[in-house]
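The values are calculated or read from the model by the stated rules, or taken from the named source; none is laboratory data. These numbers come from a predicted model, not from an experiment. Don't worry about glycine lacking a Cβ; one is built from the backbone with ideal geometry, like all the others, and counts go over all protein chains shown.
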Amino acid sequence: MKKKIHIALLPGDGIGKEISIEARKILNWINENTNINIECDEYLVGGASIDKYGLPLTDETLKKIKQSDAIILGAVGGPKWESLAFEKRPERGLLKIRKELDLFANFRPAIVFDSLANSSTLKPEVIKGLDILIIRELTGGIYFGEPRGIKKISENKSKGFNTLVYTSDEIERIAKVAFETAKQRSKKLCSVDKANVLESTELWREIVNKIGKQFPEVELSHMYVDNASMQLVRNPKQFDVIVTTNMFGDILSDCASMLTGSLGMLPSASIGYNTSGEKKAMYEPVHGSAPDIAGKGIANPLAMILSLSMMFKYSFSRNDISELINNIVNSILEKGYRTKDISTDNKKNVSTSDMGDLVLKGLKNEKI
Ligand code: IPM
Ligand code: MG
């Protein structure tokens with residue numbers, strides 16, 4: 001009997017659409033050649049949804065994707081929608097999915113593929129073999145805190161304000177995920193905060209220490225975010241797992257991703273658990289919609305394809321499929337194939353769809 005899984009594919013905007021086509025190729029192959037029966041439905045989100053329905057995420061789409069077993073999202077946003085009112089912007093669609101599905105734990109690995117060590121702007125010896133994981137709290141903090149807004153305070157004066165708030169429960173659950181994850185890796189966890197200035201992250205530190213007592217085998221350290229950003233660039237290999245707040249994680253993960261040579265290579269997983277303990281998850285590349293290169297067929301689909309790999313591992317416990325995809329990506333890079341973003345010469349430059357086809361060839365066990 002084939003196991004049936006429902007996947008909601010949300011291509012979104014810009015290069016999100018092109019890389020989703022490549023993701024579908026891979027899903028089709030897995031559907032036809034393994035004991036998994038994949039039903040994959042596509043929905044609009046972000047600018048694409050605004051253009052059709054006037055909203056970045058409709059209730060109908062939200063309902064449908066809540067019923068799926070896993071969500072794959074391309075990217076959202078673009079200059080076309082930047083002047084819209086805040087609540088109507090493409091990014092609000094993405095944030096609403098995170099919040100509504102309570103996807104509080106965001107896993108952002110930064111891995112350097114050996115063959116790409118030269119694509120980084122950092123010296124190869126600093127980043128070769130790098131394999132770190134940033135766990136970003138995703139449904140709290142300043143992204144969602146109230147009060148927030150822009151208010152007129154007098155005739156020619158206004159104020160813009162946001163609130164950085166964390167409850168102990170929110171910190172506890174992300175800390176537990178981080179310790180559990182660190183336990184399965186090199187047993188080193190660094191918690192990043194700004195406890196010297198911000199009370200909400202003073203509480204963060206206190207709770208992380210408290211949870212740490214349940215994980216004596218994990219070596220816990222704390223770092224202020226300004227120092228952490230400097231240390232990430234100076235000597236990234238000192239880290240293994242980093243856990244941090246929503247906004248610090250947003251910033252540090254972009255920084256970490258660039259250590260690897262290309263943002264176009266990095267997948268992510270956003271995971272939550274509903275009241276019955278069932279896992280809910282959305283997988284997406286760390287990169288954005290890259291409107292400047294959209295439609296040119298040069299985007300790198302590997303972050304999206306590696307996001308599928310994460311999905312098979314985390315949502316469906318199919319480490320075999322996940323590793324198969326990772327190994328194929330590795331050997332494609334070893335053979336020298338590059339999309340433009342990771343190319344250092346013009347030798348084996350390939351298009352978005354060529355890259356997807358190469359992964360497909362690998363799956364079919366054909367010579368690459
Ligand atoms: C990310 C992005 C999003 C964020 C935007 C698009 C809302 O930068 O996933 O890192 O800030 O979380
Ligand atoms: Mg970001």
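In segment 132-160, the qualifying residues are those that are in a strand (DSSP E or B) and surrounded by 15 or more Cβ atoms within 10 Å (Cβ to Cβ), and the one that is nearest to ligand 1 (Cβ to nearest atom) is Arg136. Here Ser120 meets the list (1) outside the structural domain of Ile251 (by TED's automatic domain parsing); (2) touching a residue at least 40 places away in the same chain (Cβ under 8 Å) almost entirely, failing just condition (1). With respect to the stated conditions, Val126 fails to be part of a loop (DSSP other than H, G, I, E, B) and away from ligand 1 (no atom under 16 Å from the Cβ). Take Val243 and tell me if it is part of a strand (DSSP E or B) and either of a type in the set (Val, Ile, Thr) or modelled with pLDDT under 95 (or both). In short, yes. Taking the criterion of being touching a residue at least 12 places away in the same chain (Cβ under 8 Å), more than 16 Å from ligand 2 (Cβ to nearest atom), assigned to a strand (DSSP E or B) and farther than 30 Å from Arg234 by Cβ, would at least one residue in segment 161-168 satisfy it? Scanning segment 161-168 turns up at least one residue that is touching a residue at least 12 places away in the same chain (Cβ under 8 Å), more than 16 Å from ligand 2 (Cβ to nearest atom), assigned to a strand (DSSP E or B) and farther than 30 Å from Arg234 by Cβ.
Conditions tested, residue by residue: (1) closer than 13 Å to Ile71 by Cα; (2) within 16 Å of ligand 1 (Cβ to nearest atom).
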{"residue": "Ala269", "(1), (2)": "yes, yes"}
{"residue": "Gly272", "(1), (2)": "yes, yes"}
{"residue": "Lys280", "(1), (2)": "yes, no"}
{"residue": "Tyr283", "(1), (2)": "yes, yes"}
{"residue": "Ile293", "(1), (2)": "no, no"}
{"residue": "Lys313", "(1), (2)": "no, no"}
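Within 15 Å of the chain's Cα centre (by Cα), at pLDDT below 85 and not in a loop (DSSP other than H, G, I, E, B): is that true of Gly264 in this structure? Spelling it out, Gly264 is indeed within 15 Å of the chain's Cα centre (by Cα), at pLDDT below 85 and not in a loop (DSSP other than H, G, I, E, B).
For Ile71, state whether it is among the hydrophobic types (A, V, I, L, M, F, W, C), assigned by TED's automatic domain parsing to the domain that holds Lys340, surrounded by 12 or more Cβ atoms within 10 Å (Cβ to Cβ) and not in a loop (DSSP other than H, G, I, E, B). Yes, satisfied. Assess whether Gly93 counts as being part of a helix (DSSP H, G or I), of a type outside the set (Ser, Thr, Tyr), within 16 Å of ligand 2 (Cβ to nearest atom) and buried (at least 19 other Cβ atoms within 10 Å of the Cβ). Answer is yes for this residue. Restricting Glu87, Glu60 to those that are more than 19 Å from the chain's Cα centre (by Cα), at pLDDT below 95 and of a type outside the set (Ser, Thr, Tyr) reduces the list to Glu87.
Ile174: of a type in the set (A, V, I, L, M, F, W, C) and assigned to a helix (DSSP H, G or I), yes or no? Judged against the criteria, Ile174 is a match.
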